[in-house]
Amino acid sequence: MAAGDIACTPGNSPSTSSTCQAGATAQTAEGLHPDAVAALGDLQYEAGELSGFEQSYGPTWGRLRAITYPAVGNHDFLSDLGTGYFSYFAGRPVGEKAQGWYSYDLGAWHVVVLNSNCSVVGCGTGSPQLRFLESDLARHRATCTLAYWHHPRFSSGLHGDDASVDPIWRALVAANGDVALSGHDHDYERFQPLDANGAADPAAGTREFVVGTGGRSLYPFAGAKATSEVRKVTFGVLELTLKPTGYHWRYVALAGSNFTDEGDGTCH
């Protein structure tokens, strides 16, 4: 199960049809009985304080904390280098404090989690994070590889493409990565499999999903990239069924929405 951009600031953020729906998205996720949760960053607004995690994220998505593998977002990290985030997820895989990258195995899949706050931690050539990623991918030659971080490399949303994560994207594509997940834009978007330059590559490309629909708020799209296959502004979660040589995806919107997106991919 995957989603990002989740919990509103506690105390002064009323729930409406377009804001503060973390309770509803958490209930949807729980009802699907996931084995693992990929939390895609910006988990607690506005600045990721521990008190916020305890009061807002905790009673909602925190009910799935024992199976959550989080990625750190800008709202989580840029206040005191994620002190509240790392404290809240103590005991869970989160990587080193003030860093936030790590990897794990899930069934037959190898999964890498990264910190896309590149202006602070570095994502480029020679950076500790990129060295970790390249080494980790070289050591784990799984048939199927999934990676996720907060800022999407490609997006039709308001924030748009994020060039700072380009070295991460290129390293993943070079290692035959199959799926990349991000949030940051508060919408759902599915892309065609893409090559290192973002061009469609059905045979060998990496498929990106943007799932910034965990409950905080919703953003309209700024346009439509040519390689974007599906776009929708609605709260919900992405369900991924990871198989030995492929995957099935299904977007599950909150009750009351008739939107769905479902399909299959093969690992390369």
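The values are calculated or read from the model by the stated rules, or taken from the named source; none is laboratory data. Source: prediction; values computed, not measured. Please note: Cβ atoms are built from the backbone with ideal geometry, for glycine as well, and neighbour counts cover all protein chains shown.
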Exercise. Which ones in region 4-45 are part of a loop (DSSP other than H, G, I, E, B), surrounded by fewer than 16 Cβ atoms within 10 Å (Cβ to Cβ) and either at pLDDT below 95 or of a type in the set (Val, Ile, Thr) (or both)?
Worked result: Gly11, Asn12, Pro14, Ser15, Ser17, Ser18
For this session: Would you mention how many residues in region 213-237 are in contact with a Gly (Cβ under 8 Å, 6 or more places away or on another chain), assigned to a loop (DSSP other than H, G, I, E, B) and either under 14 Å from Leu254 (Cα atoms) or free of Cβ contacts under 8 Å to residues at least 40 places away in the same chain (or both)?
Result: 4
Exercise. Val173: over 16 Å from the mean Cα position of the chain (by Cα), surrounded by 16 or more Cβ atoms within 10 Å (Cβ to Cβ) and part of a helix (DSSP H, G or I), yes or no?
Worked result: yes
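Let's see how each residue does on (1) hydrophobic (A, V, I, L, M, F, W, C); (2) within 23 Å of His184 (Cβ to Cβ); (3) in contact (Cβ under 8 Å) with a residue 24 or more places away in the chain; (4) outside any helix (DSSP H, G or I):
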position: Gly95; (1), (2), (3), (4): no, yes, no, yes
position: Gln99; (1), (2), (3), (4): no, yes, yes, yes
position: His110; (1), (2), (3), (4): no, no, yes, yes
position: Asn115; (1), (2), (3), (4): no, yes, yes, yes
position: Ala142; (1), (2), (3), (4): yes, no, yes, yes
position: His150; (1), (2), (3), (4): no, yes, yes, yes
position: Ser155; (1), (2), (3), (4): no, yes, yes, yes
Problem set entry | Number of positions in region 117-140 that are farther than 16 Å from Val173 by Cα, out of contact with any Leu (no Cβ under 7 Å at 6 or more places or on another chain) and in a loop (DSSP other than H, G, I, E, B) | 3
Problem set entry | Residue count for region 179-211, restricted to those that are in contact with a strand residue (DSSP E or B) (Cβ under 6 Å, 6 or more places away or on another chain), touching a residue at least 24 places away in the same chain (Cβ under 8 Å), farther than 19 Å from Val111 by Cα and part of a loop (DSSP other than H, G, I, E, B) | 3
Problem set entry | Answer residue from region 210-231, given it is under 14 Å from the mean Cα position of the chain (by Cα) and among the hydrophobic types (A, V, I, L, M, F, W, C) and is surrounded by the most Cβ atoms within 10 Å (Cβ to Cβ) among those | Val210
Problem set entry | Among the candidates Asp187, Asp261, Asp178, residue that is charged (D, E, K, R) and surrounded by fewer than 21 Cβ atoms within 10 Å (Cβ to Cβ) | Asp261
